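The values are calculated or read from the model by the stated rules, or taken from the named source; none is laboratory data. The shown structure was predicted, so the numbers you read here are calculated from the model rather than taken from an experiment. Glycine gets a Cβ as well: all are built from the backbone with ideal geometry, and neighbour counts include every protein chain shown. The accessibility values were calculated without ligands, DNA or RNA, using every heavy atom of the protein model including side chains. Shrake-Rupley method; radii C 1.70, N 1.55, O 1.52, S 1.80 Å.
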Amino acid sequence: METVLPFFEQVNFNFDKAAKYTNYSPGILNEIKACNSIYHMTFPLKRDDGTIETIHAWRAEHSHHKLPTKGGIRYSTLVNEDEIMALAALMTYKCAIMDVPFGGAKGGIQINIENYSVGELERITRRYTYELVNKNFIGPGIDVPAPDYGTGEREMAWILDTYNAMTPDKLEALACVTGKPVEQGGMSGRKEATGLGVYYGLREACSFEEDMKPLGYSTGLDGKTVVVQGFGNVGYHAAKFLQDGGAIVTGIAEYAGAIYNTRGLDIEKADSYRNKNGSVLNFPGARTMENPSEALEMECDILVPAALENQITSENVHRIKARIIAEAANGPVTPAAHDLLTKKGTLIIPDTYLNAGGVTVSYFEWLNNLSHVRLGRVGKRFQENSRKDFMTAIEKITGKKFPEDEVEQLMHGPEEKALVNSSLEDAMTVAYNEIRETRNRHGKDIDLRTASFIKAIDKIARSYMELGIFP
Ligand code: NAD
């Protein structure tokens, strides 16, 4: 029976495994691994019924090798110091792999959101932000939070408003947090970015015949069956984009149970059903399973854990049937389970890479907020006019007219969302190929997770050297 290591130790275990393939000194490696700052705060919440409760919350800045540090804020009863340090470390490696110029950070509040009113959640979020401002743990050039498990645009708007109220007349204040509503400086496409990144990453991973053949799969996503665990922001969007991309989502596991249909579930309908009924259970046309963990063990080609860490352990790993595991969540597979899976040839696409779509688009949002101009605004009309001139010239030379219904589409200048999505597609594709090439360079010795850590260590060590810290 596996003793599941504390999460931060799991991340460091994966780091150490990869470090053996690099030539950096133990001093440099230890400096990269260390969590630079951690702030544990407690504060009182006056509940709606007048009672007082003590709230525990954390913010960890894992690495200051690039500033600001960046990472989401999680609301969950499982939040603790170890988890937040582990998630902050994963952010450091993720940003390095994606060439996003941030150090890693993470925050968390130890609450179950179901137990609090909206007013109470707002008071908790604002007080948390107040503590971060007071201790210099937030700011456009210091540390920039974003959404994670249990939080979303609403919480980011409260954080921005509190930050603004406490630091008036700051030109760059909008960039103190990302994942904001679009009307408040957010970026079109940020909400779905992590799920869309999961889709782009999986599409790329499935495009190599050399990697699909040993699994007994053909290339492409078309017709591949998928089970998703966690139907939240990441899980829903990943499922939706995978379905749009030709995969068949046969199972969705939620906290309270799972639904399953071998012919496929309609993701948008399942989402509307959940919004109306409060749960996906008993979704018409699907089989309902009361035990959600059984869903992980269902027959499928791709398993997408998109909930929390430690979901696949040595206890259930032998029952996992999927040959591809796509880590949309952070840390869903323990090191022992990872070893057993890779030994039987399962392809694990690691969290350090696969869920990096969120931070990548957060980077665009942060840049946008600092530049005070929306992506695509400058030059849009110029591009449209140039296209029009080009088309007129073609019509003149050929003596033929473009079809009316295509003219507008061909002339259309880039919208923010199209620019964001195409940049994300490019970033996910480039990073996957870098990791895969690193893996292939090391032959059969290493898997994609180790390759992704090698890439991260290399990039971080080099940036320390650029700073002249380690000559
Ligand atoms: P979320 O709160 O929007 O959704 C999580 C969902 O998982 C919820 O619906 C919850 O009920 C469900 N869930 C929890 N435990 C479960 C279980 N045991 N079985 C089945 N379902 C369960 O959170 P999210 O933002 O989608 O984050 C999910 C994961 O993705 C986390 O690991 C997070 O760190 C990671 N992630 C999120 C982002 C982002 O942009 N939000 C970015 C990168 C990584």
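Restricting 219, 225, 167 to those that are at pLDDT below 95 and away from the ligand (no atom under 16 Å from the Cβ) reduces the list to 167.
The set of residues in the range 93-111 being open to solvent by 10 Å² or more (accessible area, probe 1.4 Å) and under 20 Å from residue 159 (Cβ atoms) consists of 110 alone. If you scan the range 251-277, which residues turn out to be within 16 Å of the ligand (Cβ to nearest atom), polar (S, T, N, Q) and either crowded, with 24+ Cβ neighbours inside 10 Å or in a loop (DSSP other than H, G, I, E, B) (or both)? Correct list: empty.
If we scan the range 187-201, do we find a residue that is more than 16 Å from the ligand (Cβ to nearest atom) and either under 21 Å from the mean Cα position of the chain (by Cα) or in a helix (DSSP H, G or I) (or both)?
No, the range 187-201 contains no residue that is more than 16 Å from the ligand (Cβ to nearest atom) and either under 21 Å from the mean Cα position of the chain (by Cα) or in a helix (DSSP H, G or I) (or both).
Within the range 390-417, the set of residues being at pLDDT below 75 and assigned to a loop (DSSP other than H, G, I, E, B) comprises 412, 413, 414. Checked against (1) closer than 30 Å to residue 170 by Cβ; (2) over 18 Å from the mean Cα position of the chain (by Cα); (3) open to solvent by 60 Å² or more (accessible area, probe 1.4 Å), residue 417 passes all but condition (2). Among all positions in the range 171-182, there is at least one residue which is touching a Phe, Trp or Tyr at 6+ places or on another chain (Cβ under 7 Å) and surrounded by fewer than 22 Cβ atoms within 10 Å (Cβ to Cβ). Annotation note: Cβ proximity below 8 Å between a residue of the range 286-307 that is assigned to a loop (DSSP other than H, G, I, E, B) and a residue that is among the hydroxyl-bearing types (Ser, Thr, Tyr) and surrounded by fewer than 16 Cβ atoms within 10 Å (Cβ to Cβ) (sequence gap 6+ or interchain) occurs for 292/255; 307/255. Per the conditions (1) closer than 25 Å to residue 42 by Cα; (2) out of contact with any strand residue (DSSP E or B) (no Cβ under 6 Å at 6 or more places or on another chain); (3) within 16 Å of the ligand (Cβ to nearest atom), the sole criterion not satisfied by residue 133 is (3). So how many residues does the range 44-79 have that are open to solvent by less than 60 Å² (accessible area, probe 1.4 Å), assigned to a loop (DSSP other than H, G, I, E, B) and within 16 Å of the ligand (Cβ to nearest atom)? Total satisfying the criteria: 3. The residues in the range 144-162 that are within 14 Å of residue 113 (Cβ to Cβ), within 11 Å of the ligand (Cβ to nearest atom) and touching a Lys or Arg at 6+ places or on another chain (Cβ under 8 Å) can be counted, and the count is 5.
Residue by residue, here is whether (1) within 12 Å of the ligand (Cβ to nearest atom); (2) open to solvent by 30 Å² or more (accessible area, probe 1.4 Å) holds:
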| position | (1), (2) |
| --- | --- |
| 322 | no, no |
| 327 | yes, no |
| 332 | yes, no |
| 341 | no, no |
| 344 | no, yes |
| 351 | yes, no |
| 360 | yes, no |
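For the range 200-222, the set of residues classified as open to solvent by less than 30 Å² (accessible area, probe 1.4 Å) and not charged (D, E, K, R) consists of 200, 201, 202, 205, 206, 212, 215, 220, 221, listed by residue number.
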